[in-house]
Amino acid sequence: MKTQEDMAVAMHPLAAKYLRPERMPHKACPGCGIGHVVHCTLNACEDLNLNADNTVWVQGVGCSSRISYTLWKGDNIDAHHGRIFAVATGMKMSRPDLNFICFTGDGDCASIGGNHFLHACRRNLDVTALMFNNSIYGMTGGQVAPTSPVGAKTQTTPYGNLEDPMDACKVAMAAGASYVARWNSTDFKQLTNSIKKGIQTKGFSFIEILVPCPTQYGRYVLGVSDPIEVVKWYKENSVTLKKAEKMSPEELEGKFLLGEFAHREDRTGIVERYWDAVKKIQEGRK
Amino acid sequence: MSKAIKRKDFVQGDEAIAEGAIAAGCRYFAGYPITPASEISECLARRLPEVGGVAMQMEDEIASIHSIGGASVAGMKALTVSSGPGISLKLEGLGWGIKNELPYVVVDVQRAGPSNGVATRVAQGDFYTVKYGSAGGNNSIIALAPKSVQEAFDLTIECFNLAETFRTPVFLLADETVGHTRELLEIPEDSEIELVERKKPTVPPDEFLMYPFDTPEAINYPYPNIGDGYGICVSPYTHTSRGYATEAKKDHDRMVQRIVKKVTSHLDMLTRCEEELMDDAEYAIIAYGCEARPALEAAKMAREAGIKAGFMRPIFVWPFPDEPVFKIASKVKKILVPELNIDGQFSREVARAAKGQAEVYHLGSGGVETHLPEEIFEEFKRIIK
């Protein structure tokens, strides 16, 4: 049995600096992409000087959240399923000086928390949201998600999924988020840059990460449980915006678009507007 | 548009609740429009920015209660308000508040149900809902019920103080009659209002236990907030004393014991009843909230008719006042319980607490109107025959 000190030595220097050794090893399945995103998030924190004193990690419910919960050495606030942005609203409005990084999943954000997601975008709440999209409900055992492709055979769609998947980035853009991007979890450089931009952009930053899930999505939908094969499948089925420009609609059918979809630096959000308004109201009373 | 309230003013119960919240130090409000609680939101939307607080109209009831949970974690005294259909939705978030020992206040301005029912009219159908509605049981709900506009103000302040003292969500169980009645409200000077402020830990973070499982009865226990450097952990899962998720029965037992015992170990602080005409009473009428006023009138009518009737009203309705009810049951023959639901919610608790010492009768109505004193008096005459 390894002691906590041994574990700290075995940890990556970034992890040892920012994560709680007593919470290691984390709960991800072999081949899960969530660890990639945690790593990229720590890269961003390191570059932007975000630490336990000035940054709160916020979670919902699902693989994205259960794996990241209580890893961060600072505050970890884990909401009920889908309520992550409601809880984040209360915290960010009350403590605008703190940074909030929200770890949510496709089920948490796009399904049970869909309404809160829409309104967090509309209010342009100044937090950074990372939506881990594994296109399935992983933690509960592989049920169909609002992001599962048509035809996907899951535990609750044994005859194949009949519903079209949701494009959460399009929703975020339409609803008014300042920053919107999508990457594969293995696009370390782009993802790290995106998280940094998201943190630096005022207003709601929404970054969707395609997370390979060999245990559920790979095994039941793709028919492969080898993590390398699942990562390859994502590589083959995703195209950058630049590459997509030269492709026909037929060629793009069923492909994930990768890249930055919105970066509206001039757009203010509720936090800034609210506290500006309070200042004016209070001055008006003097 | 709500108007500015003077120190001594003729206002609605809902406005008194909003002013009570401001006086209590509430600086974060989130709500969703619903009759008959909307006036509270309207008042706070005007008042909170004036005092440097936050007033949010959220996208739904669920978001409202979760956002005040977030505000509470961030150190704010926080409030949400609603009525029946909205309270049903809020119950999900309430569980998060109970489990994580979050201090905040929920106001339920009860209206006639089930479902949307009669939105603009009174009832008392949420008595069990506020106590047992949040799924999973093992809860620590404290609920206070005002009978007047002045009490709506005073008890709102007390709800905030109790929330901080006990680190738990506290209900103000009001009703449409109290919420919409206009009466004289006298707001005391700030210096006359006693407030409980959140305690911060005095030990370093590595020595601090967020949840004191070894002393489950502890009250006034410190609650560090986000940004205080304590690395707090708050989640929907059963937690250890540091807030880490656990599935061990031992940990789960310790957590639920903590949640329940901090309240049940301090019943002396959580029991308050108003009694009238009880000294030589042979019969009693027990009622809470808006029903207390016609109930007292009925007791007086009985006295005028030569019947030795007494009156009792719990101000704290949860935890239920078992002791005071038992004492009354031990000295009277019969107890009448008028209430605005036909389930017999409140009367069932009275009967339970009476432990067979007196016969307990339920006078129910589905709501829409409060009972008239005459109706209660007629039923009273019938049961004592």
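For the reader, a short list of remarks on this structure follows.
- Residue order, fewest to most beta carbons within 10 Å, for A:Lys17, B:Lys262: A:Lys17, B:Lys262
- Our Cα-only numbers for the protein assembly as shown put the radius of gyration and Dmax at 27.5, 96 Å.
- Long-range Cα-Cα pairs in chain B (distance over 33 Å), rounded percent: 31
- Note on A:Leu48/B:Ala4: beta-carbon distance plugged into 1/(1 + (r/R0)^6) with R0 of 60 Å gives a FRET efficiency of 0.85.
- Excluding exposed DSSP-loop GluC sites (Glu not before Pro) (at most 11 other C-beta within 10 Å), longest clean stretch of chain A: A:1-244
- Computed on chain B, with alpha-carbon pairs under 8 angstrom and 6+ residues apart, the relative contact order is 16 percent.
- Note on A:Leu252 and B:Glu194: the model spin-label points, each 7 Å out from Cα along the C-beta direction, lie 6.8 nm apart.
- Coil-residue trypsin sites (Lys or Arg not before Pro) of region A:212-258, DSSP, other Cβ within 10 Å capped at 10: A:Lys246
- Percent RCO, i.e. relative contact order, over region B:275-384, from Cα pairs under 8 Å lying at least 6 residues apart: 30
- Dividing the convex hull volume of the alpha carbon atoms of region B:200-242 by its residue count gives 85 Å³ per residue.
- The mean sequence separation of alpha-carbon pairs under 8 Å and at least six residues apart, normalised by the residue count of region B:8-192, gives a relative contact order of 30 percent.
- For the residues A:Cys29, A:Cys121, A:Cys40, a GNM of chain A with alpha-carbon springs under 10 Å puts the largest fluctuation on A:Cys29.
- Candidates per trypsin sites (Lys or Arg not before Pro) in region B:1-67, loop by DSSP, up to 14 other Cβ within 10 Å: B:Lys3, B:Lys6, B:Arg7
- As a ratio to 2.2 N^0.38 Å, the alpha-carbon radius of gyration computed for region B:275-384 takes the value 0.93.
- Basic side chains Lys and Arg get +1 at the Cβ, acidic Asp and Glu get -1 at the Cβ, and with that the dipole of region B:255-385 about its Cα centre reaches some 580 debye.
- Excluding exposed DSSP-loop GluC sites (Glu not before Pro) (at most 11 other C-beta within 10 Å), longest clean stretch of chain B: B:1-188
- Antiparallel bridge percentage (DSSP; both residues within the protein assembly as shown; nearest 5): 25
- Taking every residue in B:219-231 and counting other chain Cβ atoms within 10 Å of its Cβ, the average works out to 4.
- The Cα trace of region A:1-100 gives Rg and Dmax of 13.9, 44 Å, the first to one decimal, the second as a whole number.
- Positive dipole terminus of the protein assembly as shown, leading residue within B:Tyr244, B:Phe171, B:Cys26 (C-beta point charges): B:Tyr244
- Counting, for every residue in B:233-244, the Cβ atoms of other protein chains within 10 Å of its Cβ and taking the mean gives 5.
- In this simple spin-label model, placing a label point 7 Å from the Cα along the Cα-to-Cβ direction at both B:Arg303 and A:Gln155 gives a separation of 6.5 nm.
- Sorted largest first, extent of region A:134-286 alpha carbons per principal axis (Å): 68, 36, 27
- Efficiency of FRET from Cβ geometry, B:Lys261 and A:Gln143, R₀ 35 Å, rounded to 0.05: 0.35
- Region B:211-323: C-alpha pair distances exceeding 24 Å, %: 51
- The label point for B:Glu359 and the one for A:Ala16, both projected 7 Å from the Cα toward the Cβ, are 8.0 nm apart.
- Its Kirkwood hydrodynamic radius, worked out from the mean inverse distance over all distinct Cα pairs, puts region A:111-215 at 14.5 Å.
- Relative to the longest principal axis of the Cα atoms of chain B, helix B:249-264 runs at roughly 50 degrees.
- Computed over the alpha carbons of region B:30-84, Rg followed by Dmax gives 10.6, 30 Å.
- Three-way shape call for region B:8-192 based on the alpha-carbon gyration tensor, with the a/c threshold at 1.5: rounded
- Taking each residue as 0.36 nm, the span from B:His252 to B:Val51 lengthens on full extension beyond its C-alpha to C-alpha distance by 68.3 nm.
- Here, region A:29-285 is characterised by an Rg to Rh ratio of 0.98, where Rg is the alpha-carbon radius of gyration and Rh the Kirkwood radius.
- Helical runs (DSSP H, four residues minimum) scored at -39500 (n - 2.57) apiece and divided by the length of the protein assembly as shown put the mean residue ellipticity at 222 nm at -11500 deg cm²/dmol.
- Average partner coverage of B:70-82, which counts Cβ from other chains inside 10 Å: 5
- Using a Förster distance of 35 Å, the FRET efficiency for A:Ile228-A:Asp164 (Cβ separation, nearest 0.05): 0.75
We did not get these values from a lab; they are worked out from the coordinates using the rules stated. Please read these numbers as outputs of a predicted model, since none were measured by experiment. Note that we place each Cβ from the backbone using ideal geometry, even for glycine, and neighbour counts take in every protein chain shown.
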